[in-house]
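Structure first, then comments.
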Amino acid sequence: MKRTVTNFTWISVQLDTQAFSCSICLDFLKEPATLPCGHNYCRSCIQSYWDGQEQSSCPQCRQSFHPRPVLGTNTMLAELVEKLQRVELQQSLKDLMLETDASSKKTQTKRWILRIIQDKETALQKLQQEALSFRRSADEVVKSSDQSFIGLLRELRFVHSEVSREIKALQEKEEAKLKQVHDNLQRDITLMRMTVSELDSLTPGQTLQHCPPLSALDPPGPTHCLWAPWSRRPQL
């Protein structure tokens with residue numbers, strides 16, 4: 001069936017609706033897929049056809065394909081078929097307005113309208129499924145991030161505990177060193193005072209009874225802590 005239509009650029013073109021129909025379902029191409037041999041089919045139609053065959057071949061020219069081709073939608077052809085459907089529908093509605101007895105045209109127009117409704121409902125269902133899938137994916141990402149943060153917090157608590165334990169151990173070690181230095185200084189001071197007191201009361205011919213050890217005569221060394229845990233932040 002051929003019909004001459006005029007597009008929006010006022011160029012008259014000859015369109016053959018059969019060339020834009022699927023030879024399997026005998027309807028307009030839906031998500032048209034082009035085979036390596038050049039023939040076009042609805043993607044779902046040719047996939048269902050191949051599922052029932054032992055090998056993947058073209059229903060028209062019988063050319064076999066191995067391995068089974070990965071089919072994508074021919075977007076240019078899909079847009080052309082969609083435009084052709086709109087033109088045919090508009091022309092059919094015009095014919096219905098002019099014809100008094102147009103039962104066949106009425107049936108065809110109704111079928112096209114129902115087809116468009118079905119396509120839009122299918123698109124709506126896909127959109128809802130995509131929205132649900134996106135929501136589930138987002139929930140999974142949030143759940144995964146929560147688990148990651150919980151693990152990170154657990155690791156940080158462990159590191160904090162280990163650092164605190166090391167600082168506490170170092171503090172006790174340094175405090176023990178400081179106590180030892182403190183006790184030694186206190187002892188040296190006591191001995192030195194005893195020596196000074198004895199020297200004050202020493203008369204000629206007497207010997208010194210309390211002689212301090214040689215270590216007590218050394219000048220005092222550094223008494224500050226070698227590493228103060230509060231003076232700098234340890235590297236993790």
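When segment 84-121 is limited to residues that are of a type in the set (A, V, I, L, M, F, W, C) and in contact with a Phe, Trp or Tyr (Cβ under 8 Å, 6 or more places away or on another chain), the one that is modelled with the highest pLDDT turns out to be 84. With (1) at pLDDT 85 or above; (2) within 24 Å of residue 19 (Cβ to Cβ) as the list, and residue 124 as the residue in question, which single condition is left unmet? For residue 124, the exception is condition (2).
Yes/no per residue for (1) exposed (fewer than 10 other Cβ atoms within 10 Å of the Cβ); (2) under 30 Å from residue 27 (Cα atoms); (3) β-branched (Val, Ile, Thr):
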position	(1), (2), (3)
121	no, yes, no
126	no, yes, no
150	no, no, yes
157	no, no, no
178	no, no, no
196	no, no, yes
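Here residue 17 fulfils each of the conditions (1) in contact with a strand residue (DSSP E or B) (Cβ under 8 Å, 6 or more places away or on another chain); (2) at pLDDT 85 or above; (3) surrounded by fewer than 16 Cβ atoms within 10 Å (Cβ to Cβ) apart from (2). Got at least one residue in segment 200-218 being at pLDDT 75 or above and surrounded by 10 or more Cβ atoms within 10 Å (Cβ to Cβ)? There is no residue in segment 200-218 that is at pLDDT 75 or above and surrounded by 10 or more Cβ atoms within 10 Å (Cβ to Cβ).
The values are calculated or read from the model by the stated rules, or taken from the named source; none is laboratory data. Quick caveat, the model's predicted, so the values are computed rather than measured. Glycine also receives a Cβ, built like all others from the backbone with ideal geometry; neighbour counts cover every protein chain displayed.
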